[in-house]
Amino acid sequence: MNDFPGPDTDLDSVFGAVHLGYLVAHSRRLTEWRRFGELAIGMHTDALDEDTLRFRLDDHACRFLIRRGHAEDVTALGWQIDDHETFERILARVADRGVPIEEGTAEDTALRGVQRLWRFPGPKGIATEIFTTPMTTSEPLRMLGSGWVTGEAGMGHVAIVSREPESMHGYYRTLFDSRLSDFIDENISGLKMKIRFLRVNERHHSIAIANVRGVKLDPLRTRVQHVNIQSATLDDMLAAYGRVTELGFRMAWSVGQHTNDRELSFYCVTPSGFELEVGWNPIVVTPEREAAWEATTYQGISIWGHHTVSETVLDKLARVRAAAGRLRTPEITVPELTGGMSR
């Protein structure tokens, strides 16, 4: 139910009725993904067949869908829409701008655990998928912690590095009436960037966009920089940190606390190379806070912690080689949905 006030000039706002529902990734490393998701992070695992893994965080049948493939990356983001009227309104925004829309097949909906699915292009080549009704299950969760925070806030957030940040911001504003939560100015490994944080519901942000405009090549091989999920307790988050380390998965950033949403978290590297942030207790933008919210710029990502964990020489060489292969490659945008915000 959308309890948030819409912008005064837009009575048709869909803000508050949109929630990150699932992600789809393709990987050849399903054995490592199972070890990572089940034994390190502690999520519920369902192996549908030798080519398909699903991870659950709650009663939704699917939150992470990992399919055998060569991308080693996130290929689609699934967004849950509260009701059919809002669903049709979003589809109309896409269709009216001439963006191609594809209906999901029966196999697509079954794998993702949803009843209805439509797909269309998204920034950086990540498909946007929207659905109304998730399939839920009463099967008990087999997890190593007490649970994960989802509900009205969705399953978490996704962070993307972009050389076209205004286009990406415009895309999510046009599509979901996203609102700007705040900015962070940061210098990471000599790379100065301004990160903008967009919310589409009570979660402080469902999309983070790191601006690297002017950089000739994308500093990351993967389309997403990280995906975030939220632990139910601090003990759950710290236990996952210990398991990731003990099982030999690479830690990217140690435990720390963010300046803007105050979330405590750590970042580790998934078997596909993008990062997973496991966090706890971020700010929730309630309707009361929403009414008075003003975007602020923070200096630095963290109040404390989040120290980088050293890469090996081979890791650095692989990153440089992958980046060189993308030199002068234009970033994929969806200009019809930028709302005039592209540069």
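Rule-based calculations on the coordinates, nothing more; no lab input. Everything numeric here is computed off the predicted structure, so don't read it as measured data. Ideal geometry is used to build each Cβ from the backbone, glycine not excepted, and the neighbour counts take in all protein chains shown.
Annotations for the structure displayed:
- Rounded, prolate or oblate (a/c below 1.5 giving rounded, otherwise prolate when a/b exceeds b/c) for segment 18-131 by Cα gyration tensor: prolate
- Computed extension gain for residue 246 through residue 284, at 0.36 nm per residue and net of the alpha carbon distance, reaches 10.5 nm.
- Rounded Å value of the spacing that divides the Cα centres of segment 14-79 and segment 81-151: 13 Å
- Within segment 151-337, antiparallel bridges make up roughly 70 percent of the DSSP beta bridges whose residues both belong there.
- With 0.36 nm allotted per residue and the present C-alpha distance subtracted, the residue 303-residue 48 stretch has 87.6 nm of extension available.
- Annotation: amide H-H contacts under 5 Å for residue 263 (H modelled 1.01 Å from N, sequence separation of 5 or more, or interchain): 258, 283.
- Count Lys and Arg as plus one, Asp and Glu as minus one, and take only other residues whose Cβ is under 9 Å from that of residue 75; the net charge is then +1.
- Signed unit charges on C-beta, dipole axis of segment 151-337, positive-most listed residue 208, 198, 330: 330
- Antiparallel %, DSSP beta bridges [both residues in the chain], to 5: 70 percent
- If the segment from residue 92 to residue 336 were pulled out straight at 0.36 nm per residue, it would be longer than the present Cα-Cα gap by 86.6 nm.
- As a rough footprinting exposure proxy, the listed residues 11, 276 were ranked by other beta carbons within 10 Å of their own, and the order from fewest upward is 11, 276.
- The convex hull defined by the C-alpha atoms of segment 151-337 has an orientation-averaged projected area of 11.2 nm².
- Exposure proxy order (Cβ contacts within 10 Å, fewest to most) of 148, 118: 118, 148
- Rounded to the nearest 5, the antiparallel percentage of DSSP beta bridges internal to segment 21-158 is 70%.
- Computed on the Cα trace of segment 20-80, the radius of gyration divided by the Kirkwood hydrodynamic radius gives Rg/Rh = 0.93.
- Long-range HN-HN contacts of residue 16 with modeled amide H, under 5 Å: 201
- In order through segment 132-138: 3J(HN,Hα) via Karplus (6.51 cos²θ - 1.76 cosθ + 1.60), integer Hz, x for Gly, Pro: 9, 10, x, 7, 10, 9, 8
- Couplings 3J(HN,Hα) of segment 143-150, computed from phi: 10, 8, x, 7, x, 9, 8, 10 Hz, in residue order, whole Hz [Karplus 6.51 cos²θ - 1.76 cosθ + 1.60, θ = phi - 60°; x for Gly and Pro].
- Furthest towards positive pole of dipole, 143, 33, 70, structure part the chain, Cβ charges: 70
- Each residue of segment 88-103 was assigned a 3J(HN,Hα) from its phi angle through the Karplus curve 6.51 cos²θ - 1.76 cosθ + 1.60 (θ = phi - 60°); the sequence is 5, 5, 5, 4, 5, 4, 6, 5, 5, 9, x, 7, x, 10, 10, 7 Hz, with glycine and proline shown as x.
- Per-pair calculated FRET efficiency, R0 = 25 Å: residue 84 and residue 146 via Cβ, rounded to 0.05: 0.15
- Entry note, the chain: relative contact order of 19 percent, from Cα contacts under 8 Å with a spacing of 6+ residues.
- Cβ-placed point charges (K, R +1; D, E -1), dipole of the chain about Cα centre in debye, nearest 20: 1600 debye
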